[in-house]
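Trainee: I'd like to ask some things about the structure below.
The values are calculated or read from the model by the stated rules, or taken from the named source; none is laboratory data. Keep in mind the model is a prediction, meaning the values are calculated, not measured. Every residue, glycine as well, gets a Cβ built from its backbone with ideal geometry; the counts of neighbours run over all protein chains shown. For accessibility, only protein heavy atoms count, side chains too; no ligands or nucleic acids. Shrake-Rupley method; radii C 1.70, N 1.55, O 1.52, S 1.80 Å.
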Amino acid sequence: MFGTHDLALFIASGLLLNISPGPDSLLVVTRSAAQGWRAGSAAAFGIGAGIFVHIFAAALGLSAVLAASATAFTAVKYAGAAYLLYLGIGLLVGKPNRPAAARSMRSPTAHSYRKIFVQGFLTNVLNPKVALFFLAFVPQFILPESTNKALAFIVLGCIFNFNGMLWCNLLAVATGFTRSRIRAGNALSRWIGRLVGALFVSFGVKLALTQGN
């Protein structure tokens with residue numbers, strides 16, 4: 001169907017890859033823990049929107065250009081690394097004069113949700129490793145004799161993204177549920193924020209050191 005094969009294996013493999021810890025799940029957990037599950041879901045939908053960009057770019061051949069061009073790959077890589085470092089440093093040097101518990105209990109506004117959505121979107125769009133992943137992983141499940149490989153790529157990409165968004169939203173709800181029952185003290189909340197910030201910084205450094213080909 002749609003020129004694909006081994007769909008069950010594709011779904012199982014995709015779910016395992018989505019469950020693996022990374023910047024996406026870390027962002028969802030951080031936002032859910034700080035502002036509730038709706039904020040985590042906003043990040044999850046932003047991540048999904050970013051993945052859609054990679055899916056359609058790969059189907060149209062733009063990701064192949066990114067993979068082939070060292071200059072393009074480097075430019076996107078450093079932009080993504082800089083953004084991850086920006087998020088991480090922001091958490092590391094968060095203002096101590098604003099109680100963490102007060103920030104956590106404050107209800108996010110529509111503007112806050114939009115900002116969180118954009119954070120999730122940029123975390124994906126500015127990561128060239130996502131583009132390379134789709135180019136390497138998805139074609140393995142497209143039939144060589146398929147008459148419309150771009151359509152098969154989009155179908156598989158959408159299935160992967162749908163499952164990934166289900167996982168991220170489940171993560172958001174689970175984290176929000178835990179947050180509503182466990183209120184961390186100010187000192188603990190600050191240290192958790194710093195730990196997450198350090199992880200984002202490490203992801204940024206790792207991405208900056210990634211080789212294009």
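Trainee: Would you be able to tell me the number of residues in the range 70-92 that are of a type in the set (Gly, Ala, Ser), surrounded by 20 or more Cβ atoms within 10 Å (Cβ to Cβ) and at pLDDT 70 or above?
Mentor: 2
Trainee: If Gly50 passes every condition in (1) closer than 18 Å to Trp167 by Cβ; (2) open to solvent by 20 Å² or more (accessible area, probe 1.4 Å); (3) assigned to a helix (DSSP H, G or I) but one, which one does it miss?
Mentor: Just one mismatch for Gly50, condition (2).
Trainee: Separate question: Residue check, Ala101 against (1) in a helix (DSSP H, G or I); (2) at pLDDT below 85; (3) within 30 Å of Ala79 (Cβ to Cβ), all met but one. Which one?
Mentor: (3)
Trainee: Pull out all pairs, ordered by first then second residue, where Cβ-Cβ is under 6 Å, the residues are six or more apart or on different chains, the first lies in the range 125-139 and is crowded, with 20+ Cβ neighbours inside 10 Å and in a helix (DSSP H, G or I), and the second is hydroxyl-bearing (Ser, Thr, Tyr) and modelled with pLDDT under 85.
Mentor: If the second residue must be hydroxyl-bearing (Ser, Thr, Tyr) and modelled with pLDDT under 85, the pairs left are Ala131/Ser63.
Trainee: Moving to a separate point now. Filter the range 161-201 down to the residues that are out of contact with any Leu (no Cβ under 9 Å at 6 or more places or on another chain) and of a type in the set (S, T, N, Q), then identify the one that is modelled with the lowest pLDDT.
Mentor: Across the range 161-201, the extreme among qualifying residues is Asn186.
Trainee: Okay, moving on. Determine whether Ala150 is within 18 Å of the chain's Cα centre (by Cα) and in a helix (DSSP H, G or I).
Mentor: no
Trainee: Out of all the residues in the range 17-40, is one or more touching a Cys at 6+ places or on another chain (Cβ under 7 Å), of a type in the set (D, E, K, R) and modelled with pLDDT of 80 or more?
Mentor: Yes, the range 17-40 has at least one match.
Trainee: Which of the residues belonging to the range 1-47 are of a type in the set (Asp, Glu) and outside any helix (DSSP H, G or I)?
Mentor: Answer for the range 1-47, where residues must be of a type in the set (Asp, Glu) and outside any helix (DSSP H, G or I): just Asp6.
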